[in-house]
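The values are calculated or read from the model by the stated rules, or taken from the named source; none is laboratory data. These numbers come from a predicted model, not from an experiment. Ideal geometry is used to build each Cβ from the backbone, glycine not excepted, and the neighbour counts take in all protein chains shown. We work out accessible area using only protein heavy atoms, side chains counted, and drop any ligands, DNA or RNA first. Shrake-Rupley method; radii C 1.70, N 1.55, O 1.52, S 1.80 Å.
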Amino acid sequence: MSEKIATRVAYGTALAEIGHNENIVVLDADLSKSTRTDLFKKKYPERHINMGIAEANMMAVAAGLATCGKTVFASTFAMFAAGRAFDQVRNSIGYPHLNVKIGATHAGITVGEDGASHQAIEDIALMRSIPGMTVISPADAVSTKALVKKAAEMYGPVYLRLGRLDVHVIYPEDAEFEIGKGVCLKEGTDVTLIATGFMVEKALAAAEALKESGISARVIDIHTIKPLDEEIIIKAAKETGAIVTCEEHNVLGGLGSAVAEVVVKNFPVPMEMVGVEDSFGKSGKPADLVEKYSLTAEKVIEKAKLVLERKKA
Amino acid sequence: MDAKVKLDLMKTAAMIRKGIITAVATAGSGHPGGSLSAADILTYLYFREMNIDPKNPKNPDRDRFVLSKGHCTPGLYSTLAHRGFFPVEDLKGFRQVSSYLEGHPNMNYVPGVDMSTGSLGQGISAAVGMALAGKLDNKSYRVYAMLGDGELEEGQVWEAAMAAAHYKLDNLTAFVDYNRLQIDGNITEVMNPEPIADKFLAFGWDVISIDAHDFDEIEKAVEKAKANKGKPTAIIAHSIKGKGVSFMENQASWHGSAPKKEQADQALAELDAYIESLNG
Ligand SMILES: Cc1ncc(C[n+]2csc(CCOP(=O)(O)OP(=O)(O)O)c2C)c(N)n1
Ligand SMILES: [Mg+2]
């Protein structure tokens, strides 16, 4: 299997690579060694600003910097970026549509041992409900780096959902990405597995296993949850007639909900969702939690078979 | 304080420190630094001061403790375990998927935990709520909270401070574990919260500064806080992050990393030697 790199490391690396642009300012809230903005700080200490343990203030300060023409990357854990500072993100960044990129690391249950208080499984729901907010949830280090750079180039607020855990690199180094365009990673005709974040890897593994049972599964990486690539979803609904969504997030309000909104309005087909079943996480090794909360290829396979039963009925 | 009582507290605190090392080392993760700096205050509160009963942890008349700096569960759990709320042996399950000892305090899973915390700045507000309830219900229980000095950077801490003084919550005592370190370095370099005592004074609190590792000073401050009328009290506890383990003392790097086996063995040996010297 390929190399493993955490998407937060790819985020810090990308920031260091684009940091020659003097317009870029990076904010952190006493977590620079964890969010990996320390990689930017090493090269551009004068444009790395530690705001202390004060996330709400950091977000509105980011907004103020943006009004003066700065491209701001504001980083902390997803729990505190989307959770604690929700009002500041909504009212000071979203509402005035300012050029702030929120680098939200340690999203989801794979935070591991810190437990539920630090495991954001609601952030996609929160962020995608803010008008004009772009929501990006990359699957690996290559797509993270590319999308961080795209986010810096575009104007407007962006939420970048990043992970703590080392995850496999699934894209070739020179792969290209466009914000708002999903990637069809594998063609298939019976069912479509639509995944985001580290669940893309699980969806690919599930598709391989399904092939052995004679089931042809399409796999799509939705790295941009908003604006959502409706076209790729509607096409999948029409051509495969069944969809399973896969995400490291509450099944309420996240990728599954976003896909369902498109499917129901345009071409209803049976759908199943793999995700955290509306419960808080807990402490444990990431691998143990992935099993406990069934964020596994086995679960994706089970749901694919279930949705195929419903498709036949 | 009676010399025998003090000696017992010192031994208990050393046992609690051993539990901290054991929990963090077996978990392979967790927060030893701030747990060790808080250990003496936790020991004093749970073994000398607070009206609590391990057999009846939800007694509505009990004193309350809120660990606002929730990452210091190794300190809180080791204290609760040694006080009899649950088996000391269970500390070895800390942060594991099969255990109830969550990385951050969970009031529904862990006997003796009065409030779920982990997101800094929120616990002190919950403590204000408990103190307000005490006033509303005419109860005599007291509420203790422990804040980190880095945690003071959260604006919510000062919203809570304002509310506590506004409602004259003299049943509330907040400790600040003043170890001068947070994750990214010295508090004054990351985001200076100084002058801390002056801030609490300006917010209408009474303020007492003590050595966090001296039981006589802890006792005097707690007694003074209990005698205070009409105002909450902040006890600024000058501490050493990593206190009691030579290689962890005053090192920001031990904020949230676990000792390896040999390091844990050395730490436990140092604490055993210290307990020996007290017995001596
Ligand atoms: C709202 C929030 N932001 C960030 C964190 C991550 N975090 C955990 S501990 C810590 C540093 C705390 O420093 P301090 O309050 O001084 O604690 P101590 O030195 O007593 O361990 C940070 C930033 C958090 N738990 N909650
Ligand atoms: Mg500190």
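Round to a whole number: what % of the accessible area of segment A:78-148 belongs to carbon and sulfur, probe 1.4 Å?
Details: 890 of 1640 Å².
With neighbouring chains kept in place, the figure for segment A:78-148 is 54 percent.
Under a point-charge model restricted to the Cβ atoms of Lys and Arg (+1) and Asp and Glu (-1), what is the dipole moment magnitude of chain A relative to its Cα centre, in debye to the nearest 20? Provide the component values of the computation, followed by the final result.
Values: 36 positive and 41 negative charges, 73 e Å.
Charge dipole of chain A: 360 debye, to the nearest 20.
Along segment B:82-89 the Karplus relation, 6.51 cos²θ - 1.76 cosθ + 1.60 evaluated at θ = phi - 60°, assigns HN-Hα couplings of 5, 7, x, 6, 7, x, 4, 4 Hz to successive residues, with x for each Gly and Pro. Restricting to Cα pairs below 8 Å that are 6+ residues apart, what does the relative contact order work out to for chain B? Please round to a whole percent. 24 percent.
Can you pull the Rg over Rh of segment A:183-312, Cα-only, Kirkwood?
Working: Rg = 13.6 Å, Rh = 14.4 Å.
Here the Rg-to-Rh quotient is 0.95.
Pairs exceeding 27 Å between alpha-carbon atoms, taken from B:Lys6/B:Lys226; A:Lys41/A:Lys292; A:Lys202/A:Lys285; A:Lys43/B:Lys199: A:Lys41/A:Lys292; A:Lys43/B:Lys199. Which residues, if any, in segment A:264-289 have at least 10 Å² less accessible area in the whole protein complex than in the isolated chain, probe 1.4 Å? The answer is A:Lys282, A:Ser283, A:Gly284, A:Lys285, A:Asp288. Please give the helix A:55-67 orientation as an angle from the longest Cα principal axis of chain A, in degrees from 0 to 90, rounded to the nearest 10. Helix A:55-67 sits roughly 80 degrees off the main axis of chain A.
Each peptide among A:250-258, B:128-136 gets the average number of other Cβ atoms lying within 10 Å of its residues, and from highest to lowest they stand as A:250-258, B:128-136. Chain B and chain A together bury an accessible surface of about 2000 square angstrom, both sides counted, with a 1.4 Å probe and no ligands or nucleic acids included. Principal-axis analysis of the Cα atoms of chain B puts helix B:123-136 at an angle of about 50° to the longest axis. Sequence neighbours fewer than 8 away in the same chain don't count; with that in mind, list the aspartates and glutamates whose C-alpha is under 15 Å from B:Lys135. Within the straight-line limit of under 15 Å, B:Lys135 reaches these aspartates and glutamates: B:Asp61, B:Asp63, B:Asp170. Beyond 27 Å in Cα-Cα separation lie the following of the pairs B:Lys11/B:Lys260; A:Lys145/A:Lys265; A:Lys4/A:Lys299; A:Lys282/A:Lys305: A:Lys145/A:Lys265; A:Lys282/A:Lys305.
Tell me the per residue accessible area of segment A:4-168 using a 1.4 Å probe; a whole number in Å² is fine. It would help to have the intermediate numbers written out before the result.
Values: 4980 Å² over 165 residues.
Here the per-residue accessible area is 30 Å².
Applying the Karplus relation 6.51 cos²θ - 1.76 cosθ + 1.60 with θ = phi - 60° to segment A:231-241 yields 3J(HN,Hα) values of 4, 5, 6, 5, 4, 5, 4, 5, 7, 10, x Hz, where x marks Gly and Pro.
The portion of the accessible surface of segment B:3-279 made up by carbon and sulfur, rounded to a whole percent, is 53 (1.4 Å probe; DNA, RNA and ligands excluded).
Think of it as helices only: each DSSP H run of n ≥ 4 in chain A is worth -39500 (n - 2.57), and spread over all residues that comes to -11000 deg cm²/dmol at 222 nm. Are there residues in segment B:64-110 whose accessible area shrinks by at least 20 Å² when all protein chains are included rather than the chain by itself, and which are they (probe 1.4 Å, ligands and nucleic acids not counted)? When all protein chains are present, B:Arg95, B:Gln96, B:Val97, B:Glu102, B:His104 each give up 20 Å² or more of accessible surface. The mean count of C-beta atoms from other chains within 10 Å of the C-beta of residues in A:46-53, rounded to a whole number, is 5. Projected onto the charge dipole of the protein assembly as shown (+1 at Lys/Arg Cβ, -1 at Asp/Glu Cβ, origin at the Cα centre), which of A:Ala120, A:Ala14, B:Pro195 gives the Cα projection farthest towards the positive end? Sorting the options by dipole projection puts first A:Ala120. Computed over the protein assembly as shown, the percent of Cα pairs more than 43 Å apart is 25. Residues in segment B:202-229 near a label at B:Met1, defined as backbone nitrogen under 19 Å from the 7 Å Cα→Cβ point? Under 19 Å, as judged by backbone N against the label point of B:Met1, lie B:208-227 of segment B:202-229. Sorted from longest to shortest, the spans of the Cα atoms of segment B:206-280 along the three principal axes equal 51, 33, 13 Å.
Measuring heavy-atom accessible area with a 1.4 angstrom probe and counting protein chains only, the residues of segment B:171-195 that give up at least 10 Å² relative to the chain alone are B:Gln182, B:Ile183, B:Asp184, B:Val190, B:Met191. The residues of segment A:235-300 have, on average, 38 Å² of accessible surface per residue, using a 1.4 Å probe with all protein chains present.
Explain nothing, just the number: relative contact order of segment B:142-271, from Cα pairs under 8 Å at least 6 residues apart, as a whole percent. Before the final figure, lay out each step's value.
Details: 201 pairs, mean separation 36.4, N = 130.
About 28 percent, as a whole number.
What accessible area per residue, rounded to a whole number of Å², is obtained for segment B:3-279 using a probe radius of 1.4 Å? Intermediate results must be reported in sequence, preceding the final value.
Details: 10360 Å² over 277 residues.
On a per-residue basis, segment B:3-279 sits at 37 Å².
Amide H contacts of B:Val176 (H built 1.01 Å from N, in plane; Pro and chain starts excluded): B:Leu147, B:Ile235, B:Ile236, B:Ala237 sit under 5 Å, all sequence-distant by 5 or more or on other chains.
Here segment B:74-150 and segment B:165-222 have alpha carbon centers that stand 19 Å from each other. Rounded to the nearest percent, how much of the accessible area of segment A:183-312 (1.4 Å probe, protein heavy atoms only) is carbon and sulfur? Roughly 54 percent, rounded to a whole number.
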